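Single-structure report; data block below.
The values are calculated or read from the model by the stated rules, or taken from the named source; none is laboratory data. On a predicted model such as this, the values are computed, not experimentally measured, just so you know. Cβ atoms come from the backbone with ideal geometry, glycine included; neighbour counts cover every protein chain shown.
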Amino acid sequence: MLNSVQDAGRLGYRHLGVSTSGVMDRLALQCGNMLLNNPAEAACIEIQTFPFSVRFGSQTGFSVTGGHASITLDGKPVLPWFALCACQGDVLRIERPVAGARMYLCIAGGLDVPVVLASRSTQLRGGFGGWQGRPLQKGDELPLCNPYCVDEVGLVPPAQALALKAEGTDEKTVVLRVIPATDYMLFAGDSLKEFGAIGWQITAQSDRVGYRLKGGTLRMREPVELRSYGVVPGIIQVPPSGEPIIQMADANTAGGYPRIATVIEADLWRLAQARIGSFVRLQLCTHAQGLAAAENVQEYLKNARKNIELYRKSFSRRGAGQAGKQA
Amino acid sequence: MPAADMGAYGRGSMRADVAEVMPGVTNLMLIFSTPPECPDEVAADLRRAWDHLPEKHIKGRQFDIGVRYGGELGHDLASVALHTGLSPHEVIALHQAPVYTVCAVGSVPGFGYLHGLDPRLATPRKTTPSLKMLAGTVTIGGPQAGISALTGPNGWNSIGFTDLVMFDPTRQPPALFAVGDTLRFHAESIEL
């Protein structure tokens, strides 16, 4: 597990074998950038290793999104899913999340790392993009684009606003909606039943490339040999072991294991925040239900944006435009 | 290499919502900018396109690739010989004989799926992958030939090495190979 510079992903180079990379939790990045009035393509730090601390070299607005964690700025507690300002020299410390798995530090204006093949994301396998093409190390100094201060605004985290439960599962089980994939019907009938019925546990062999699940064994009706096909994040492959793998942001662009289903795009953020050792339930849904789920996410973002704008307006009317601490 | 010009499907006026077209070895993946309302319609569209688009004959570039066979960087040459029942020299001769065609680029940045390996050289992937195979390693994996594009874990059998750089993000285009390119291998050196 490592921390890296990521943005919304590297699009348009799949045909050269370049996977999208980008943040695992797109929604957290969208929220973090929205809180700061950043362009959608602004890059952040994806944090998977805790505790994480960073010293601000200049005064700037920032936000921390992703899961729920205890966070301090210069020793004083601050909230996730909130925009606020740091002074030059302030130290931000993020503890291991109590809910969720990944945190995102967005900076007003974004991180100023070079754009390589149309993105600032780190391509970890290819060793390019992001900060010197590698995970962050202690002592790295990341340049900022054009830092500015921001109003203190917050939003309701998606985990609350878009909560999803399935019948017969406990609070902690992460529910993911999946659409049957190309090879679905090649699986044995009892495997198809098992697939949607059991709680699958996320194993320790899970990272930005993919999540390996355990708890059952999925079998084909008869063995198949497939030619390599295109892979996108969310595809659930079943290798000969019978234990499914859900491909994620750093997955190879092509693969050859049979595909049983695909996690809908609107639920990928839930999986990105599911912790190793926790359980997921894979719930079959239709294409139309997948579209409706995406619509709900858009609605959530629209409302959040509206509330942030309303708050900013009322803030400036009250003559308190200079929010945040001043150096 | 004849194939229906499915790239035209994305570039053309058929659908404005196709953001990326990615040819696989025997398949095609489309990425949409927004999810289509009705996937069945897209499937029907695609079948029509496959039937009616003109064939595309790609005149790719030709590469003549010097290989240092065997030695430390091609140390599975012996096990390929053992598996195929051929001598190492026969393996090298059969590997150099055909003209290979790049039939897809993918998996990792710049990796070309090569068509044309002599079936007599087919050798299963290793049960224990090499942890750090160098980029440029000339390989055989099952019925396929390849050249590893990135340094990293790899389950294919290494039989040699070339200095070619398959992918460089600062180069234009970044990937050395494109679909339709043809390759020949020749021995620069042999170390048994």
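Table: residues versus (1) in the same structural domain as B:VAL179 (by TED's automatic domain parsing); (2) modelled with pLDDT under 90; (3) in contact with an Asp or Glu (Cβ under 8 Å, 6 or more places away or on another chain).
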{"residue": "B:PRO36", "(1), (2), (3)": "no, no, yes"}
{"residue": "B:ASP40", "(1), (2), (3)": "no, no, no"}
{"residue": "B:ARG47", "(1), (2), (3)": "no, no, no"}
{"residue": "B:LEU53", "(1), (2), (3)": "no, yes, yes"}
{"residue": "B:GLY66", "(1), (2), (3)": "yes, no, yes"}
{"residue": "B:TYR69", "(1), (2), (3)": "yes, no, yes"}
Self-check item: Some residue of segment B:116-136 being in contact with a Leu (Cβ under 8 Å, 6 or more places away or on another chain) and assigned to a strand (DSSP E or B)
Solution: no
Self-check item: A:ARG227 of a type outside the set (Phe, Trp, Tyr), surrounded by fewer than 17 Cβ atoms within 10 Å (Cβ to Cβ) and in contact (Cβ under 8 Å) with a residue 12 or more places away in the chain
Solution: yes
Quiz item: For residues in segment A:255-305 being more than 14 Å from chain B (Cβ to nearest Cβ) and touching a Phe, Trp or Tyr at 6+ places or on another chain (Cβ under 8 Å), which is surrounded by the most Cβ atoms within 10 Å (Cβ to Cβ)?
Solution: A:ALA261
Exercise. Please find, within segment B:114-148, the residue that is nearest to B:GLY24 (Cα to Cα) out of those that are buried (at least 19 other Cβ atoms within 10 Å of the Cβ) and β-branched (Val, Ile, Thr).
Key: B:ILE147
Practice problem: Within segment A:310-327, track down each residue that is at pLDDT 85 or above and surrounded by 12 or more Cβ atoms within 10 Å (Cβ to Cβ). | Solution: A:TYR311, A:ARG312
Quiz prompt | Count of residues meeting criterion [under 17 Å from the mean Cα position of the chain (by Cα) and away from every other protein chain (no Cβ under 14 Å)] in segment B:68-107 | solution = 6
Practice problem: State whether one or more residues within segment A:23-40 are away from chain B (no Cβ under 14 Å), in a helix (DSSP H, G or I), touching a Pro at 6+ places or on another chain (Cβ under 6 Å) and not charged (D, E, K, R). | Solution: yes
Quiz item: Residues in segment B:142-167 that are among the β-branched types (Val, Ile, Thr) and in contact (Cβ under 8 Å) with a residue 60 or more places away in the chain: how many?
Solution: 3
Quiz item: So which residues in segment A:210-230 are assigned to a loop (DSSP other than H, G, I, E, B) and at pLDDT 95 or above, if there are any at all?
Solution: A:GLY215, A:GLY216, A:THR217, A:LEU218, A:ARG219, A:ARG221
Practice problem: May I ask you to list the residues in segment B:151-168 that are surrounded by fewer than 21 Cβ atoms within 10 Å (Cβ to Cβ) and in contact with a Leu (Cβ under 9 Å, 6 or more places away or on another chain)? | Solution: B:THR151, B:GLY152, B:PRO153, B:LEU164, B:VAL165, B:ASP168
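This table checks each residue for (1) in contact (Cβ under 8 Å) with a residue 60 or more places away in the chain; (2) under 30 Å from B:LEU28 (Cβ atoms).
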| position | (1), (2) |
| --- | --- |
| A:ARG14 | yes, yes |
| A:GLY22 | yes, yes |
| A:ARG26 | yes, yes |
| A:PHE50 | no, no |
| A:ARG55 | no, no |
| A:PRO77 | no, no |
| A:GLN88 | yes, no |
Quiz item: For B:SER87, are the conditions met, namely being polar (S, T, N, Q) and assigned by TED's automatic domain parsing to the domain that holds B:GLU20?
Solution: no
Exercise. Return the residue satisfying two criteria in turn: it lies in segment A:189-229 and is more than 14 Å from every other protein chain (Cβ to nearest Cβ) and of a type in the set (Phe, Trp, Tyr), and of such residues it is nearest to A:ARG259 (Cα to Cα).
Key: A:PHE195
Quiz prompt | Subset of segment A:260-270 (residues that are among the aliphatic types (A, V, I, L, M) and over 8 Å from the mean Cα position of the chain (by Cα)) | solution = A:ILE260, A:ALA261, A:VAL263, A:ILE264, A:ALA266
Quiz item: Looking at segment A:148-165, is at least one residue in a loop (DSSP other than H, G, I, E, B), free of Cβ contacts under 8 Å to residues at least 12 places away in the same chain and either surrounded by fewer than 18 Cβ atoms within 10 Å (Cβ to Cβ) or in the same structural domain as A:VAL91 (by TED's automatic domain parsing) (or both)?
Solution: yes
